[in-house]
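The values are calculated or read from the model by the stated rules, or taken from the named source; none is laboratory data. Note that the coordinates shown come from a computational prediction; the quantities given were computed from them, not determined experimentally. FYI the Cβ positions are ideal-geometry reconstructions off the backbone, even for glycines, and counts take in every protein chain you see. Keep in mind that these areas ignore ligands, DNA and RNA; they rest on the heavy atoms of the full protein, side chains included. Shrake-Rupley method; radii C 1.70, N 1.55, O 1.52, S 1.80 Å.
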Amino acid sequence: VVRASGALGGAITAAGIGYVCIQRLGIYFIMLTIAFGQMFYFIASQWNSLTGGLDGLTGFKRTDFLGLDIRPEDHFYYFVLAFFVLTLLLVRGLMNSSVGKTLVAIRENLNRAEFLGIDVKKYQHFAFVVSGTFAGLAGCLYVLLLNFAFPELLYWKTSGDAVLMSVIGGMHAFFGPLLGAGIFVFLRDMISTLTRHWALPLGAIFVTFVLFFQKGILGFFERGKNG
């Protein structure tokens, strides 16, 4: 129930917020999404009776799922892995469909897509809702891992980490964000054992990629492979 409600809640929320945000492009779109995120963060941190405030919500318990006991940590690991593989296949199928190819065309040249008669806003809204659905599902799985939900999950830094992962791995490559996520977590854990100011070196790495490796690691190697 928690997983289904989280995915549905993510889809509904993304549908409403996305409709507003896609009316603007570029930096204005980014600022709007950050503003909505911060709004939900302050609501979650202040509405004690509903969200538990800064203390968060506790009492989440893992139960059986279709006869599978996911309470042990190793069982839950494979449970999440199955969701990850399924999500990967669904997104891969979407990107290989006509809808996915249209989304790529919009990403590469929005003005040309509009000239071809594509309803750009509709496709952008659809992509926003799909993203929100998977984000809601991921959030539910994370809460079941911790058996705890806290307002910091809504803080802008969570979105910033996702952007950093995508930039490092390569936003234009399908497996780029996945590679970037692995590298980000590895570097964060490694640097945090050396200094409590681990965010500073990660910030420097992010700036380096933005300036010199704008297509990320996979984009860099793909460019080198193509000559």
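Taking the stretch 4-22, which residues are of a type outside the set (G, A, S), in contact (Cβ under 8 Å) with a residue 24 or more places away in the chain, open to solvent by 20 Å² or more (accessible area, probe 1.4 Å) and under 17 Å from Q124 (Cβ atoms)?
Matches in the stretch 4-22: T13, I17, Y19.
Go through the stretch 173-219 and give me each residue that's within 30 Å of R92 (Cβ to Cβ), among the aliphatic types (A, V, I, L, M) and open to solvent by 60 Å² or more (accessible area, probe 1.4 Å).
Within the stretch 173-219, L178, L179, V210 qualify.
Taking the conditions exactly as written (on the phi > 0 side of the Ramachandran plot and either within 21 Å of the chain's Cα centre (by Cα) or of a type in the set (A, V, I, L, M, F, W, C) (or both)), does L25 satisfy them or not? So that I can check it myself, show each step before the final result.
Numbers: on the phi > 0 side of the Ramachandran plot: no; either within 21 Å of the chain's Cα centre (by Cα) or of a type in the set (A, V, I, L, M, F, W, C) (or both): yes.
Here the answer is no, as L25 does not meet what is asked.
What number of residues within the stretch 115-133 satisfy the criterion of being closer than 22 Å to V80 by Cα and open to solvent by less than 60 Å² (accessible area, probe 1.4 Å)?
Total meeting the criteria: 4.
Going by the structure shown, is R112 part of a helix (DSSP H, G or I), in contact (Cβ under 8 Å) with a residue 60 or more places away in the chain and open to solvent by 90 Å² or more (accessible area, probe 1.4 Å)? Talk me through it step by step, then tell me what you get.
On the way: part of a helix (DSSP H, G or I): yes; in contact (Cβ under 8 Å) with a residue 60 or more places away in the chain: no; open to solvent by 90 Å² or more (accessible area, probe 1.4 Å): yes.
Answer is no for this residue.
What are the residues in the stretch 27-82 that are of a type in the set (S, T, Y) and open to solvent by less than 80 Å² (accessible area, probe 1.4 Å), if any? Even if it seems obvious, please write down each step before you answer.
Going through the stretch 27-82, the residues of a type in the set (S, T, Y) turn out to be 28, 33, 41, 45, 49, 51, 58, 63, 77-78.
Matches in the stretch 27-82: T33, Y41, S45, T51.
Scan (1) modelled with pLDDT of 90 or more; (2) open to solvent by less than 50 Å² (accessible area, probe 1.4 Å); (3) of a type in the set (A, V, I, L, M, F, W, C); (4) under 18 Å from G6 (Cα atoms) for the single condition L103 breaks and write down its number.
(4)
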